[in-house]
Amino acid sequence: MDGYHLNHLQELEAESIYVIREVAAQFERPVLLFSGGKDSIVMFHLARKAFWPAKVPFPLLHIDTGHNFPETLEFRDRLMEKTGAKCIVRYVQDTIDAGKVVEETGPGASRNVLQTVTLLDAIEEFKFDAAMGGGRRDEEKARAKERFFSHRDVFGQWDPKNQRPELWNLFNGRKKLGEHFRVFPLSNWTEMDVWQYIYMENIEIPSLYFTHEREVFLRDGVWLATAPFMELKEGEVPVKKRVRCRTIGDITNTGLTLSEANSVLDIIKEVAATRTTERGARADDKRSETSMEDRKKEGYF
Amino acid sequence: MSDLIEGYLNMELLRFTTAGSVDDGKSTLIGRLLYDSKAIFEDQLEAIERASERAGSDEVNLALLTDGLRAEREQGITIDVAYRYFATPKRKFIIADTPGHVQYTRNMVTGASTANVAVILVDARHGVLEQTIRHSYIASLLQIPHLIVTVNKMDLVNFDEKVFEDIKDQFRKLAGKLEIKDVRFVPISAKYGDNVVKRSENMPWYEGPTLMYLLETIHISSDWNHTIMRFPVQYVIRPQSDKYHDFRGYAGRIASGVFKPGDKVTVLPSGLTTRIKTIEMMEKQLDKAFAPMSVLMTLEDDIDISRGDMIVGENKAPQVGDEIEIMLCWLNETPMRLGGKYYLKHTTNDLRCLVQDVEYKVDINTLDKIHGDKSVGLNEIAKVKLRTTKPLYYDSYRTNRVTGSLILIDEATNNTVGAGMIV
């Protein structure tokens, strides 16, 4: 039987493709949430594989906070052009201008929370009934119990106490009018799996993930990038450093890692080293200089 | 390619479920596996050390790692299946961590449905208990291929070989009544790490493998059925572009068997036969496909095929029928309605069914059959007869976990209310 063997990445891929095809089959208006980060890039790659040689039968949706790294947007536009995929963009700025949310001000202000309103508005605008996200169960404790098919009520809310049991690979996407689903095809992947898969499939990722020189400043032990909309506190001095992103989010809350990693292989080694760091070595471990948010996104609980 | 990558690309995926209550040291065992395989991050460990210190303990309490569930129980929140991940150089592991009390049978069944291995905890001081019977029964009902009985807390019985041997005997008697193919026994102390990842120096009489060694080496690639060919069609691909003008491909995940281009196949329910033209995956032509691969298949002849159809091999036809018998585990607070109608999901097929009869219920603590009681409530297991709106193409769950499983969905609430294994 040894001729019939898949490695863990191939098995994860098969599972995710199955989930994505199930979404296309069970829902009328699915959408793939695209952030420009590695998880959504992998998810889009899987979606292309799932329907090849046909085009991906659903659009992508990017919620633009206006606080992106410019590299992220360039990468997004290039990827859409290359693949012929359709990406809908909705702006948090529009939600702010419409008076639906009030923006935080001062140093540390973030549009992270505001995104939700823009997202729910977009889901309603396009009547999307399933939104695929790149969330992984290894990200944090609460996510460990999330389903592949996660039911949302008319208000877009998740009720963790009342989740549908999910058995075998039989996914129940039945819903009432106005309700929708969030679907997480990468549920069983870890940060390491994502990097290994990017390597195995030779998937292009934004240059931000690799080492580059950037103007940064230190805040609460985290290196952040300077940008026109980033207010510096007293004592915060911009300096140039060789850094890379472990995760890509808004400039306002994406901690940068001091790193010389220049290739996916380097990154895999870095992630592996982080995993095996012995107790106590951490205080001076440069790789841990990332915000908690960053860690959660990247595979810490 | 570096050795590092070479190693990663040869890793296998193993899914296992753990059964046992908090008192058996289940949380400690999972914590120990994560800790000794270095899957725990520094910030977590520091938090646990601080918490352990606060609780006045010198030792790090590894149970706190998976303490989410315990906190939930104290708060009276529904306890659920939590998934955890770790990897060693040999395998990547997915743990479906489920609470073991009787009221959580639903969760155990859920966690067991995709598992290759069930790790069952027995407290060395108490031996085989009612809950051990329950856990083993669910593992056998869900046809988990491998069972590892860990006899925990050996430190509290002076690492006594006789205690371990007695429990083995007790368990073997129980296993005789169940359908369990492969059982292993490991004496451990999760608290101190004996025989979990590292060999125990306290039990020189035990010459078998550690729990981790078993998890890393148990042969799982033949857990999938590679003999009978089943391919439920999930999605029909029609690009309708200039380049692929007449292209029709059938997307899906191989449920069982090995498919090769040129193989003669039958399409159900039409019964028409043809040959496989190509098996592909994004511009890559494959010379074979087997479970659990997701692929795209094209056929020699133009046959009308849609989602829910099944492409099967010549060697063994699936069973066909609109009256089926299943072992049913009820998952919902609202009891099953005898004579009630439910949505039914089986492979990629959606249909409806009627609950015709309850043949018997199973007392999962004694394994006794209860005849005459037709009510099936939350966490109960019964043998039930269904009638479906159209014929089902299926295999018994015993021979095929994919084409032999189904779920029932309440038509009013859309909740998943029943898990069925076709007899």
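Tabulated data
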read-out: Close pairs (7 angstrom Cβ cut-off, 6 or more residues apart or separate chains): within 11 Å of chain A (Cβ to nearest Cβ) in the range B:335-360, open to solvent by 60 Å² or more (accessible area, probe 1.4 Å) and in a strand (DSSP E or B) anywhere; value: B:Y343/B:D350; B:Y343/B:R352; B:L344/B:R352
read-out: Matching residues in the range B:282-330 - criterion: being buried (at least 20 other Cβ atoms within 10 Å of the Cβ) and farther than 20 Å from B:T347 by Cβ; value: B:W330
read-out: Exclusive hit being on the phi > 0 side of the Ramachandran plot, more than 12 Å from chain A (Cβ to nearest Cβ) and over 30 Å from the mean Cα position of the chain (by Cα), set B:G262, B:G193; value: B:G262
read-out: Long-range neighbours under 8 Å by Cβ, at least six apart or interchain, first residue open to solvent by less than 30 Å² (accessible area, probe 1.4 Å) within the range B:232-248, second among the hydroxyl-bearing types (S, T, Y) and not in a strand (DSSP E or B); value: B:P232/B:T347; B:P232/B:T348; B:P232/B:T403; B:V233/B:S306; B:V233/B:T348; B:Q234/A:Y18; B:Q234/B:T348
read-out: Filtered residue count, the range A:174-187, keeping only those that are open to solvent by 10 Å² or more (accessible area, probe 1.4 Å) and at the interface with chain B (Cβ under 10 Å from one of its Cβ atoms); value: 4
read-out: Any hit, the range B:339-352, residues being assigned to a loop (DSSP other than H, G, I, E, B), over 24 Å from A:E22 (Cβ atoms) and either open to solvent by 10 Å² or more (accessible area, probe 1.4 Å) or not aromatic (F, W, Y) (or both); value: yes
read-out: Residue identified as modelled with pLDDT of 90 or more and more than 14 Å from every other protein chain (Cβ to nearest Cβ) among A:P228, A:P238; value: A:P238
read-out: Wholly within the range B:100-190, helices (runs of 4 or more DSSP H) carrying at least 1 residues that are modelled with pLDDT under 95 and among the hydroxyl-bearing types (S, T, Y); value: B:105-112, B:130-141
read-out: Selection count where residues are within 14 Å of chain B (Cβ to nearest Cβ) and of a type in the set (S, T, N, Q), scope the range A:21-64; value: 1
read-out: Index of the failed condition, A:T190 passing every other in (1) of a type in the set (S, T, N, Q); (2) more than 7 Å from every other protein chain (Cβ to nearest Cβ); (3) open to solvent by 10 Å² or more (accessible area, probe 1.4 Å); value: (2)
read-out: Test: residue in the range B:367-386 that is out of contact with any helix residue (DSSP H, G or I) (no Cβ under 6 Å at 6 or more places or on another chain), outside any loop (DSSP other than H, G, I, E, B), within 14 Å of chain A (Cβ to nearest Cβ) and not aliphatic (A, V, I, L, M); value: no
read-out: The range A:48-103: number of residues that are within 23 Å of A:R244 (Cβ to Cβ), of a type in the set (S, T, Y) and either free of Cβ contacts under 8 Å to residues at least 24 places away in the same chain or not in a loop (DSSP other than H, G, I, E, B) (or both); value: 1
read-out: Residues being open to solvent by 10 Å² or more (accessible area, probe 1.4 Å) and modelled with pLDDT of 95 or more - total across the range B:378-387; value: 3
read-out: Some residue of the range B:396-403 being assigned to a strand (DSSP E or B) and either more than 14 Å from chain A (Cβ to nearest Cβ) or surrounded by 15 or more Cβ atoms within 10 Å (Cβ to Cβ) (or both); value: no
read-out: Check on A:E166, under 28 Å from B:P232 (Cα atoms), in contact (Cβ under 8 Å) with a residue 12 or more places away in the chain and within 7 Å of chain B (Cβ to nearest Cβ); value: yes
read-out: Candidates A:T247, A:T252, A:T274, A:T257, filtered to the one that is in a strand (DSSP E or B) and either in the same structural domain as A:Q115 (by TED's automatic domain parsing) or at pLDDT below 90 (or both); value: A:T257
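The values are calculated or read from the model by the stated rules, or taken from the named source; none is laboratory data. Only a predicted model underlies this, so the values are computations on that prediction, with no experimental measurement involved. Neighbour counts are summed over all protein chains in view; Cβ atoms, including those assigned to glycine, are modelled from backbone coordinates with ideal geometry. Calculation scope for accessible area: heavy atoms of the full protein, side chains included, ligands and nucleic acids excluded. Shrake-Rupley method; radii C 1.70, N 1.55, O 1.52, S 1.80 Å.
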